[in-house]
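Accompanying notes for the structure given below.
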Amino acid sequence: MSDRRMPLRGNLTRRRFLQGSAMAGVAAFLAACTGTKTGTSAAPSAAAASASAAASVEASPSVAATPKVATGPLKFANWPAYIDLAGAAGEAGEYKPGSSPTLEAFKKQYSIDVDYQEKIDGNDSFVQTIKPALVGGLPTGWDLMVLTDWMASKIVANGWAEKIDQTNVPNAGKNLREALRNQPWDPTNDFHYPWQSGMTGVGFNAKTLKANGIAEPKKIADLWAVPANKLTFLEEARDTVGLVLLKLGIDPDPAKVTPDDMQKVADDVQPLVDKGLRFTGNSYLKDFGQKKVWAAFVWSGDLASSGGPDDKFIFPEEGVLIWTDNMLIPKGAANKYSAELMIDYVYDPKIAALIANYVYYVSPVQGADAEIKKLDAEAASNPLLFPTPEIVAKQHNFQALSTELEDAMNEQFSTLSGT
């Protein structure tokens, strides 16, 4: 996904808006994220709870066969506001050094520094910055990075990821949810562990739409009634193309979509582009905050965790897209063991709960759901954290594309987005 986040964390009213009968569906949701179709921040009070909880929680200790020494600083590249934050940073939804309880507790436990940067605004754009080093067999300058499944699979296939020493990640090996195991591109998790899973749907500012006489959208198709220059779609081609396919009534199952369908998407979106539609990453959050954007294609947790009080996320009637972001250690990482320690650390259910309860995405960690409910009882009915069966039934996976289909998509999307 592209840049994921912005100001004003949700209050109790906002959380109640997000609630629904959502206790069931997590396993089915995660199964759908893997491509097997069946049929995700917190309020200011939760951010404060996160700070105190992380301070009192130590991840389950890793048992290594031989003594190993953590080195740093651990260079960690992630998407914006994609980890638990506290204080002013938690309110703003923007990481500042020292603002993540999880990172601070990790630094204390292992006595190393962490250079955490919100550097990823899109899979393609980020990978392009490190590709010359990867191709040349040189260090990228990063020790840990988070990429969406389709891009993660390419990194692994090209031999650009370090093999994870499983003896250094016992929490991850034990606590990874069953539905996310046995991925065809890395069936034994030699090169990746999931970070979070989420959905792509529709976001809008209710107050702005009402002031301009525009009804709140219930469908993807309703966005075509919003002025195009007040719309943004995602620069992640799979997200935008997948949603437009749903809008056109085309099942976005990669096995069924054809190159001709890519042309239909382009024909449907081009008139919006001609009238000012833009393609962005998580920067749509800043656009929402500045009222530059009234509606957009968005990722499920963003507006809930980092949007304003009038910003809403909906599961459109046509359906939503699903995906998983994954931790990988790029080839040549200077601090590989420290990266493995971080992977293992965030797979402690208590730590995973702190992260998920802030970012409002679905944790891949078995046991995190129970810990989330201890942190915040209201979270138990949040469909972003616990998708309902009705939502799961509307999920679609548009990740594993054939070379022919991906080439057709990229050609059309490049023309639309001007990239």
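The values are calculated or read from the model by the stated rules, or taken from the named source; none is laboratory data. What you see is a predicted model, and the numbers here were worked out from it, not measured in a lab. All Cβ positions, glycine included, derive from the backbone under ideal geometry; neighbour counts span all protein chains shown. Note: areas computed on protein heavy atoms with side chains; ligands, DNA, RNA excluded. Shrake-Rupley method; radii C 1.70, N 1.55, O 1.52, S 1.80 Å.
Over the stretch 81-138, give the accessible area per residue in Å² for a 1.4 Å probe, as an integer. Could the numbers behind the result be given before it?
Details: 2550 Å² over 58 residues.
Solvent-accessible surface per residue comes out at 44 Å².
So what does the Cα-only Debye profile of the stretch 283-343 read at q = 0.22, 0.23, 0.28, 0.30 Å⁻¹, as log10 I(q)/I(0), no solvent term?
-0.87, -0.91, -1.20, -1.31
Given a 1.4 angstrom probe, what's the average accessible area per residue across the stretch 184-321, in square angstrom?
Numbers: 4820 Å² over 138 residues.
In whole numbers, the stretch 184-321 has 35 Å² accessible per residue.
What residues qualify as long-range amide H neighbours of Leu176, i.e. H under 5 Å apart, gap of 5 or more or another chain, H built at 1.01 Å from N?
Distant-sequence amide H within range of Leu176: Gln366.
Sequence-distant or interchain residues sharing an amide H contact under 5 Å with Leu74, placed H: which?
Those qualifying (amide H under 5 Å, at least 5 residues apart or on another chain) are Asp113, Val114, Asp115.
Taking 0.36 nm per intervening residue step and subtracting the Cα-Cα distance, what contour gain separates Glu178 from Leu248 on full extension? Display every interim value, and only then the final one.
Numbers: separation 70, 0.36 × 70 = 25.20 nm, distance 3.37 nm.
That works out to 21.8 nm of additional length.
Given a 1.4 Å probe, how much area per residue of the stretch 330-373 is accessible, in Å²?
Working: 860 Å² over 44 residues.
Per residue, the stretch 330-373 has an accessible area of 20 Å².
Is the shape of the stretch 74-137 best called rounded, prolate or oblate, per the rule: a/c under 1.5 gives rounded, else a/b larger than b/c gives prolate, else oblate, with a ≥ b ≥ c the square roots of the Cα gyration tensor eigenvalues? If you can, show how the numbers build up before the last one.
Details: a/c = 3.98, a/b = 1.55, b/c = 2.56.
Judged from the Cα gyration tensor, the stretch 74-137 comes out oblate (a/c at least 1.5, b/c at or above a/b).
Relative contact order for the stretch 312-419: what is it in percent, counting Cα pairs under 8 Å that are at least 6 residues apart? Intermediate values should be presented prior to the final figure.
Details: 67 pairs, mean separation 32.0, N = 108.
Relative contact order here is 30 percent.
Calculate one ³J(HN,Hα) per residue across the stretch 101-106 by plugging θ = phi - 60° into the Karplus curve 6.51 cos²θ - 1.76 cosθ + 1.60, and present them in order as whole Hz with x for glycine and proline.
Here the 3J(HN,Hα) series is x, 5, 5, 5, 5, 4 Hz.
Can you list the residues, at least 5 places off or on another chain, whose amide H is less than 5 Å from the amide H of Leu321, using H built in the peptide plane?
Answer set, sorted by chain and number: Thr200, His396.
Put a dot 7 Å past each Cα toward the Cβ at Lys256 and Ser402; how far apart are the dots in nm?
1.6
Can you give me the % of accessible surface on the stretch 73-203 that is carbon or sulfur? Probe 1.4 Å, all protein chains present, nothing else counted. Please list the in-between numbers first.
On the way: 2550 of 4760 Å².
Carbon and sulfur: 53 percent of the exposed surface of the stretch 73-203.
Can you find, among Ile351, Gly308, Leu341, the residue farthest towards the positive end of the dipole of the stretch 294-397? Put +1 on the C-beta of Lys and Arg, -1 on that of Asp and Glu.
Farthest along the dipole direction, towards plus: Leu341.
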